[in-house]
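Below: one structure, written as structure tokens.
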There are 4 protein chains.
Amino acid sequence: MAETIVSAADALAARVGENMIAKSPVLQHWGIELVAISAGACEMCMTIRDDMSNLHRQCHGGVLFTMADGCFGFASNSYNERTVAASCDINFLKPAEVGDVVTARSVEVWKRGRSGLYDVTLTNQNGDKVAIMRAHSRKTTGNHIDQV
Amino acid sequence: MAETIVSAADALAARVGENMIAKSPVLQHWGIELVAISAGACEMCMTIRDDMSNLHRQCHGGVLFTMADGCFGFASNSYNERTVAASCDINFLKPAEVGDVVTARSVEVWKRGRSGLYDVTLTNQNGDKVAIMRAHSRKTTGNHIDQV
Amino acid sequence: MAETIVSAADALAARVGENMIAKSPVLQHWGIELVAISAGACEMCMTIRDDMSNLHRQCHGGVLFTMADGCFGFASNSYNERTVAASCDINFLKPAEVGDVVTARSVEVWKRGRSGLYDVTLTNQNGDKVAIMRAHSRKTTGNHIDQV
Amino acid sequence: MAETIVSAADALAARVGENMIAKSPVLQHWGIELVAISAGACEMCMTIRDDMSNLHRQCHGGVLFTMADGCFGFASNSYNERTVAASCDINFLKPAEVGDVVTARSVEVWKRGRSGLYDVTLTNQNGDKVAIMRAHSRKTTGNHIDQV
């Protein structure tokens, strides 16, 4: 039987991700699900609901940002070293409508010392870009899980 | 009896603000309250709750952004012309803890044609800056309320 | 003999690029050269000189920005429709020293109506990232060259 | 005779500013002059010349950025502790034409530990905003001048 080979770094990222999602009531409230996580990268998924929308049935920017920020935060924390967001620049490109399924993907652009830069792209079920974000993380102290 | 004199523009902004807050389930969910609104400016207030926080009892960045974005959006829509957020750049300066009372104030930096730039400052009950945001609005079509 | 096939859009971009570089005294002053241009993308090259540097022999941020902005501007104008920079966000990642050869590459991230978003990456001769920029272009009126 | 009272911090800033401008060939090349400097703030002045412009006789964005970045850099270095630019977000609001006199003013928005945030505003001789920039500084090591 073929086995999937997972690097130690990616296995650690997966454990950190499970730990983080369980402690994220804000992500849970909006139904933001962790789809995949590896060292420095993350993918999340969310379906736009009525209670996220304004009267035009378009998703509030705060909810889209919350998803992008979450996806970035999981990527930057995936090394099991605690990081926080220093700044986030988001561009809103296309409204997300109620019923749309939005996917967020974050990748690491640069990392050195205590700083990291990450790009997040939000796309809808048709592959249209909904928003893009560039974010700056700073390492603080502590870890998410115990490493044996 | 002394009467407060309110400009027509500020009176219109107040009516638009009341209309918008009633149609903002996301702001309502987080207990974000409209404190004041005038032409091009807005003030909002929020108390940090358990369900906004992570395990360190610090407010999730997505909730702080939602407040900043809301405060900016009310300021940019205050002329009763519909606008949307094109981009928002936020810097997180100090964590907001559970129980903190955060105030957001937005001011108009520049406005021409269909574009506007707004600065938002979030401070806690001690006057410490929690976050600052610079945001770019674009005018779309339509109005919020009927003007007689 | 094998011939290189060039799309009409890329051929137009090449003509626009030649026209623009000839009218760019600021790029010429800093020795910023156009290496390649195609529809929505551009590559430029620059060698860091003494007169670009401070006393630590590191390139001034204004010169690096000028290169990044130029590279973005050529990409966004490559369709022969005049565009201007609305905003540019740059991160400085590693100093460029006197003698370094810096390459800038811009790619189109998103384009719709009169707006476009472009990412520019500056790398040195070792492939290290020197700076990254995300820029927002707006189409104005007019063209760079006559199209038959 | 009335004497102007200058705080020790502002006197130090003035000495740092004089030292820095003498070692800034890029600012000198564009004729960017130091008008005033105090602890955390700076003002500079520049007249738009032919060699800064494109064929439309409008100032290249790279030159405006160089001025804004210089003004921010002098403000963030005014404490005689070396700082560098980590990131700069600039919005271009109105073209500067050949012959225009542009003034840049930077103020400190926030400072803690090794990080600082500064806002820079560029205005023309009519008081119109030409560009605004928000910049993030990081303290490195070393000083500009010897303090007795």
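The single residue among D:Arg49, D:Arg15, D:Arg57 that is within 20 Å of D:Asn143 (Cβ to Cβ) and among the basic types (Lys, Arg) turns out to be D:Arg15.
When you scan the range A:88-109, how many residues do you find that are free of Cβ contacts under 8 Å to residues at least 40 places away in the same chain and out of contact with any Cys (no Cβ under 9 Å at 6 or more places or on another chain)?
Count: 3.
Scanning the range A:26-42 turns up no residue that is under 25 Å from B:Gln28 (Cα atoms), among the small types (Gly, Ala, Ser) and facing another protein chain (nearest Cβ under 10 Å). The residue list C:Lys94, C:Lys23 contains one member that is farther than 25 Å from D:Ala85 by Cβ and within 12 Å of another protein chain (Cβ to nearest Cβ), which is C:Lys23. Looking at the range A:69-77, is at least one residue surrounded by fewer than 23 Cβ atoms within 10 Å (Cβ to Cβ) and at pLDDT 95 or above? Checked against the condition, which is being surrounded by fewer than 23 Cβ atoms within 10 Å (Cβ to Cβ) and at pLDDT 95 or above, the range A:69-77 yields no hits at all. Within the range B:54-77, does at least one residue satisfy the condition of being outside any helix (DSSP H, G or I), under 16 Å from the mean Cα position of the chain (by Cα) and either more than 14 Å from every other protein chain (Cβ to nearest Cβ) or small (Gly, Ala, Ser) (or both)? No - not one qualifying residue is present in the range B:54-77. Residue count for the range B:124-135 under the criterion of being under 20 Å from B:Gly62 (Cβ atoms) and within 11 Å of another protein chain (Cβ to nearest Cβ): the result is 7. Of the listed requirements (1) without any contact (Cβ under 8 Å) to a residue 40 or more places away in the chain; (2) away from every other protein chain (no Cβ under 12 Å); (3) touching a Lys or Arg at 6+ places or on another chain (Cβ under 7 Å), C:Thr121 misses just one: (2).
Return the total of residues in the range D:127-148 being of a type in the set (Lys, Arg) and buried (at least 22 other Cβ atoms within 10 Å of the Cβ).
Residues in the range D:127-148 being of a type in the set (Lys, Arg) and buried (at least 22 other Cβ atoms within 10 Å of the Cβ): 1 in total.
Which members of the range A:18-53 meet the condition of being in a helix (DSSP H, G or I), of a type in the set (A, V, I, L, M) and out of contact with any Asp or Glu (no Cβ under 9 Å at 6 or more places or on another chain)? Listed by number, the residues that qualify are A:Met20, A:Ala22, A:Met52. Candidates in the range C:22-49 are the residues that are without any contact (Cβ under 8 Å) to a residue 60 or more places away in the chain and small (Gly, Ala, Ser); of these, the one that is surrounded by the fewest Cβ atoms within 10 Å (Cβ to Cβ) is C:Ala22.
Scanning the range D:81-97 for any residue that is out of contact with any helix residue (DSSP H, G or I) (no Cβ under 6 Å at 6 or more places or on another chain), surrounded by 24 or more Cβ atoms within 10 Å (Cβ to Cβ) and assigned to a loop (DSSP other than H, G, I, E, B) turns up at least one such residue. Tallying residues that are more than 16 Å from the chain's Cα centre (by Cα), part of a strand (DSSP E or B) and within 14 Å of chain C (Cβ to nearest Cβ) within the range D:98-114 yields 0. Residues that are more than 20 Å from D:Val84 (Cα to Cα) and touching a His at 6+ places or on another chain (Cβ under 9 Å) within the range C:79-91 comprise C:Asn80, C:Glu81, C:Arg82, C:Ala85, C:Ala86, C:Ser87, listed in sequence order. Taken over the range A:44-53, the residue count meeting the criterion of being among the charged types (D, E, K, R) and facing another protein chain (nearest Cβ under 9 Å) is 2.
The values are calculated or read from the model by the stated rules, or taken from the named source; none is laboratory data. These figures come from a predicted structure and were not determined experimentally. Here Cβ is always computed from backbone atoms with ideal geometry, including for glycine, and neighbour counts include all displayed protein chains.
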